[in-house]
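Right, I'll just put the structure down here and ask away after.
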Amino acid sequence: MSLAEPRPIKDYCIGIYDGPHATPGESDDGPVFLGVKNLTEEGRLDLSEIRHVSDDDFPRWTRRVTPQAGDVVFTYEASLHRYALIPDSFEGCLGRRVALVRPDPGQVDSRYLLYFFLSYAWRSTMESNVMTGATVDRIPLERFPDFPVALPPVGTQERVADVLAAYDALVENNRRRIALLDQAANELSREWFVRLRFPGHEHTPVVDGIPQGWEQRPLGDCVRFRSGGTPSKQRTDYWEGDLPWVSSGEMTATRIYDTSLHLSNQGAQNGSTVVPAGTLLIVVRGMSLAKECRVAVAARSLTFNQDIKALTCKPGIDPSFLAYSLLAARPFIKELATEASHGTKKLDTPALERLPILVPPASLQASFREVVEQLDALRDTLHAHAEKLKVARTLLLPQLLSGEVAP
């Protein structure tokens, strides 16, 4: 594959734009205010947690540019090296610290440009231009248009993008299948433990509104609470291990497989807590509590920070049953949150301990666990397959971009 001589990236673009240097007022719905957290390091748009801009304010926030399909968005301050492609269905505006490149379709395949931005060569270009500020690192956008790029003919770009996009399509398909399995498990939990249509319910007497053999207990009688923490960031050896360290921002899925930061055993012993696979986690402090209660299950041994509590089940309480009971109770739990400092909210342990839990007999809990464990096994298999696909794409990407491997 022949690459052209390096040219400024502006030569390949219709325009390069940054977003507003401010944040709109809170809105419960409306177009997406695209922030740093919505762009991932693997080149994906993540809209699992979004901020909205109202329809009335939207024109103000799109005076400079309105993102459209085919634009490549990227972060230029604080959390660098995050990119994503704007899809056809997107309606929103650029948020703070987010900019976009609008490629010239006659010269550039947008998908290829996204993969190029994920390459080591482009990362090196960005790193060589990073400006270190008092609080955060940033890429000077005034110099960005002159950063050099060398792209092959657009036909070659399309063939390369087709190969890499096939891997991403398989990963996305696995994500959708995992979401369906999550939905199935949650629906089963609601059917059995909320609607009380569990196996044998037709023949189970109801006494004072509770099926016979069931009992209502406070959560404090069902679990033990364990606190997490953050080891010293000055000790690099604390942060060079294999133990995932969960922050509240990463509690967006029902099962936690991995995290962006990891602790060594020594780091965990000097500032955090290690819990085994199957442990329940709940966010007890943070801005997310204003909108939702986050509950997840550890898919492997891990550690967690001070904004999260781990729940260890006492005898007679099955972790699978309790996990989905708490997932179903999230709207109610969120209402227990009180104001903390700087706009954050908190869930006090005494309030959680008083949370009523309707506990079925051990045999029914075991029956539920048997079904859910099968769904969990499928999810774990799909997740592992997706991770292998991402590794394969990462290894293939530089070979395709350099021409070492023909598309």
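The values are calculated or read from the model by the stated rules, or taken from the named source; none is laboratory data. These numbers come from a predicted model, not from an experiment. Cβ coordinates were reconstructed from backbone atoms using ideal geometry, including for glycine residues, and neighbour counts include every protein chain displayed. For accessibility, only protein heavy atoms count, side chains too; no ligands or nucleic acids. Shrake-Rupley method; radii C 1.70, N 1.55, O 1.52, S 1.80 Å.
Kindly establish whether residue 266 is in contact with a helix residue (DSSP H, G or I) (Cβ under 8 Å, 6 or more places away or on another chain), buried (at least 16 other Cβ atoms within 10 Å of the Cβ) and polar (S, T, N, Q).
no
Of all residues in segment 325-346, count the ones that are in contact (Cβ under 8 Å) with a residue 24 or more places away in the chain and hydroxyl-bearing (Ser, Thr, Tyr).
Adding up the residues that qualify gives 2.
Answer with yes or no whether residue 232 is out of contact with any Asp or Glu (no Cβ under 7 Å at 6 or more places or on another chain), without any contact (Cβ under 8 Å) to a residue 40 or more places away in the chain and either over 16 Å from residue 329 (Cβ atoms) or part of a loop (DSSP other than H, G, I, E, B) (or both).
yes
So which of 166, 179 ends up being at pLDDT 95 or above, open to solvent by less than 80 Å² (accessible area, probe 1.4 Å) and assigned to a helix (DSSP H, G or I)?
166
Another one. Taking the conditions exactly as written (under 24 Å from residue 332 (Cα atoms), assigned to a helix (DSSP H, G or I) and of a type in the set (Phe, Trp, Tyr)), does residue 192 satisfy them or not?
Here the answer is yes, as residue 192 does meet what is asked.
Moving on to the next point. Since residue 222 meets every condition but one in (1) within 19 Å of residue 367 (Cβ to Cβ); (2) crowded, with 16+ Cβ neighbours inside 10 Å; (3) at pLDDT below 95, which condition does it not meet?
(3)
Given the criteria under 20 Å from the mean Cα position of the chain (by Cα), at pLDDT 90 or above, surrounded by fewer than 15 Cβ atoms within 10 Å (Cβ to Cβ) and under 21 Å from residue 30 (Cα atoms), does residue 87 qualify?
yes
Shifting gears a bit: Just the residues that are open to solvent by less than 60 Å² (accessible area, probe 1.4 Å), hydrophobic (A, V, I, L, M, F, W, C) and touching a Phe, Trp or Tyr at 6+ places or on another chain (Cβ under 8 Å), please, taken from segment 240-263.
Selection gives 245, 246, 263.
Which of the numbered conditions does residue 241 fail, given that it passes all the others? Conditions: (1) in contact with a strand residue (DSSP E or B) (Cβ under 7 Å, 6 or more places away or on another chain); (2) within 29 Å of residue 336 (Cβ to Cβ); (3) in a loop (DSSP other than H, G, I, E, B).
Of the numbered conditions (1) in contact with a strand residue (DSSP E or B) (Cβ under 7 Å, 6 or more places away or on another chain); (2) within 29 Å of residue 336 (Cβ to Cβ); (3) in a loop (DSSP other than H, G, I, E, B), the odd one out for residue 241 is (2).
Do the conditions hold for residue 349, that is, is it without any contact (Cβ under 8 Å) to a residue 12 or more places away in the chain and either within 22 Å of the chain's Cα centre (by Cα) or within 16 Å of residue 294 (Cα to Cα) (or both)?
For residue 349, the condition - without any contact (Cβ under 8 Å) to a residue 12 or more places away in the chain and either within 22 Å of the chain's Cα centre (by Cα) or within 16 Å of residue 294 (Cα to Cα) (or both) - is not met.
In the list 283, 295, which residue meets the criterion of being in contact with a Ser or Thr (Cβ under 8 Å, 6 or more places away or on another chain), under 19 Å from residue 181 (Cα atoms) and either of a type outside the set (Ser, Thr, Tyr) or without any contact (Cβ under 8 Å) to a residue 40 or more places away in the chain (or both)?
Sole residue among the options that is in contact with a Ser or Thr (Cβ under 8 Å, 6 or more places away or on another chain), under 19 Å from residue 181 (Cα atoms) and either of a type outside the set (Ser, Thr, Tyr) or without any contact (Cβ under 8 Å) to a residue 40 or more places away in the chain (or both): 295.
In addition: Can you report the number of residues in segment 36-48 which are in a loop (DSSP other than H, G, I, E, B), in contact with a Ser or Thr (Cβ under 9 Å, 6 or more places away or on another chain) and under 16 Å from residue 249 (Cα atoms)?
3
Now a separate question. When residues of segment 43-63 are filtered for being touching a Phe, Trp or Tyr at 6+ places or on another chain (Cβ under 6 Å), on the phi < 0 side of the Ramachandran plot and modelled with pLDDT of 90 or more, how many remain?
So the answer is 1.
A follow-up question, please. Which fully enclosed strands (runs of 3 or more DSSP E) of segment 49-109 have 2 or more residues being of a type in the set (Phe, Trp, Tyr) and without any contact (Cβ under 8 Å) to a residue 12 or more places away in the chain?
Here the list is empty.
Let me ask you something else. Check whether at least one residue in segment 150-159 is more than 20 Å from residue 297 (Cβ to Cβ), at pLDDT below 95, assigned to a strand (DSSP E or B) and open to solvent by less than 70 Å² (accessible area, probe 1.4 Å), and report yes or no.
No, segment 150-159 contains no residue that is more than 20 Å from residue 297 (Cβ to Cβ), at pLDDT below 95, assigned to a strand (DSSP E or B) and open to solvent by less than 70 Å² (accessible area, probe 1.4 Å).
Among 126, 131, which is of a type outside the set (Phe, Trp, Tyr) and free of Cβ contacts under 8 Å to residues at least 12 places away in the same chain?
One residue alone meets the criteria, 131.
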